[in-house]
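Okay, so here's the structure we're looking at.
Just so it is clear, none of the values below were taken in a lab; they were calculated from the coordinates. The structure presented is a predicted model; accordingly, all values stated were derived computationally and were not measured. Note that each Cβ is placed from the backbone with ideal geometry, even for glycine, and that neighbours are counted across all protein chains shown.
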Amino acid sequence: MIEELPQLQTQALAELAAAADRDAVEAWRVKYLSRQGLLPVLLEKIKTLPKEQRPAAGQAANLAKTAINSAFEARREEFDTATVSAPDDPTLPGRPVQWATPHVVHQTIERIVQIFRRMGFAIASGPEIDTEFYNFDALNTPADHPARNEQDTFYVDAPADRDGHRFLLRSQTSTVQIRAMQTQPPPIKIIAPGRCYRRDEIDATHGVFFHQIEGLVVDDGITLADLKGTMEYFFKEFIGSDTRVRFRPHFFPFTEPSFEVDMARANATVKGKEWLEIAGCGMVDPNVFDNVSVDSKRYTGFAFGMGVERLAMLQHNISDLRLLYENDLRFLAQFK
Ligand code: DAH
């Protein structure tokens, strides 16, 4: 039987080399290597040899087996890789491509910005680490205002600036109003989207950071009618033309008079309530103009601020703010 081995090996290797495709290699495997294949059947015969011939036969058999197996592995791999990288078969179905998408909060910012752009607003920005001056003082916020409390605002553990103003993580994008008025004379018509920070307890509607869009318009003869028209146009564009908007008197240090803006949609309630509070706004307080040397005798203006997450949640019916920042792709991939 040892004599049959070399012949079997030669024949097997020749046939393997001639196999033209994956199917031929598989047919070859069945013929030679499967349980009833030529090689195992021949090897079985070793057991029937006289005892003294078995060691030599076993050794020869092992050598032949190794040679055949490694030749087989090599060929099989060849066809596997060939299939994976099969270049230009135009009849193959396309493979699905996973596109990343902008985060839903950024999609919302993008939409808001588009609407204001149509009304002629330019985009402005300011730093997230700012000073008390920009976040509070220049915005006419008195030293004892509760928002200045260390329980509400994150102060940065660093020396104060030259004028003795402490650094903080801005709690509102209203800071950008001040920077805009410092860097350009009226007319000013800007929006400022950006991130803000507050020391809130985290729950379904509060986080320690969130996004706001601030708006500021300063020019000759700007009136409350301009503010109302702008807000109404925005919310009808953003939410839907059946949106109603109302202005409820409120207090903000940097505007006078100030309002909270509520919105409602026909036949819709949010948590059982018809009206949902959605933004703050008002006419720029003359004290603010004086703080940045804009002529408060000549100019008037309006300002507004709104929360981006809240608008995103409203638009997409999202019930919990925390979902926005867990980075679960099953959630985020819904917003394309
Ligand atoms: N900065 C205010 C806040 O975070 C929102 C706001 C209210 C902005 C009135 C304004 C405004 O510009 O006029 O609650």
Rough spin-label spacing in nm, given labels placed 7 Å along Cα→Cβ, for Lys336 and Ala143: 5.8
Anisotropy class of the chain from Cα gyration tensor, a/c 1.5 cut: prolate
Rounded Å value of the spacing that divides the Cα centres of region 263-336 and region 158-194: 19
Charge context of Trp275, other residues only, Cβ under 12 angstrom, K/R +1, D/E -1: +2
Among beta bridges that DSSP assigns inside region 104-332, antiparallel share in %, nearest 5: 95
Environment charge of Pro187, counting only residues whose C-beta is closer than 15 Å and scoring Lys/Arg +1, Asp/Glu -1: -2
Mean Cβ count within 10 Å, highest first, over the residues of peptides 166-179, 206-219: 166-179, 206-219
Calculated [θ] (222 nm, deg cm²/dmol) that DSSP helices of n ≥ 4 give over the chain, each run adding -39,500 (n - 2.57): -11500 deg cm²/dmol
